[in-house]
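Down below is the structure, laid out as structure tokens.
The values are calculated or read from the model by the stated rules, or taken from the named source; none is laboratory data. The shown structure was predicted, so the numbers you read here are calculated from the model rather than taken from an experiment. We place every Cβ from the backbone using ideal geometry, glycine too, and count neighbours over all the protein chains shown. Note: areas computed on protein heavy atoms with side chains; ligands, DNA, RNA excluded. Shrake-Rupley method; radii C 1.70, N 1.55, O 1.52, S 1.80 Å.
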Amino acid sequence: MSKSKSISSKKSNELILTDTEQNTILEILHDGVTAYELAKEKQIKLKTLYNYLDQNPKFKEEFNKAQEIGIKTLVEKMLEIFNTENMDLAPNELMFLRERQSYLKWIAPRISSLFQEKQKIDVKSDSSIRISWEEPSELIDVSTAETVPTPPKD
């Protein structure tokens with residue numbers, strides 16, 4: 001009898017995921033579940049999961065996108081809580097809700113560009129201009145009083 005939630009593995013530190021298992025993981029992440037919670041639910045070590053991601057760059061990219069969507073999901077869940085008209089919360093529940101909100105406000109812009117505030121971009125540039133010619137040509141000496149060249153005589 002095998003456990004329904006466990007993921008197949010060759011060794012204790014090597015992970016094998018079928019396409020179905022990968023899709024299930026991505027769906028779970030979309031729902032706002034963390035990688036830690038996922039590993040705990042699937043009965044694997046978090047390090048094993050991260051090693052698998054490092055060995056499978058395509059899935060790692062999808063995994064990271066799913067985590068970003070998961071953060072958006074958590075923000076939407078918080079908005080739903082705040083939009084509830086009749087919130088009869090005990091003081092400790094309210095305090096926990098505020099702490100969770102503060103944490104989401106802190107972490108969301110670090111994970112998703114959607115939540116980043118406008119950034120000030122400093123562009124450093126050299127403002128000096130250098131003009132040069134390839135071949136020597138007639139130069140006008142502007143250091144003298146006469147700055148307008150005299151027309152040639154016919």
Note: among 14, 21, 37, 27, just one is open to solvent by less than 70 Å² (accessible area, probe 1.4 Å), among the acidic types (Asp, Glu) and in contact with a helix residue (DSSP H, G or I) (Cβ under 9 Å, 6 or more places away or on another chain), namely 14
Considering every residue within region 87-102, establish whether at least one is modelled with pLDDT of 75 or more and within 15 Å of the chain's Cα centre (by Cα). no
What is the residue count in region 40-81 for residues that are of a type in the set (A, V, I, L, M), assigned to a helix (DSSP H, G or I) and free of Cβ contacts under 8 Å to residues at least 40 places away in the same chain? 6
Exactly one condition in (1) open to solvent by 50 Å² or more (accessible area, probe 1.4 Å); (2) within 21 Å of residue 104 (Cα to Cα) is not met by residue 45; state its number. (2)
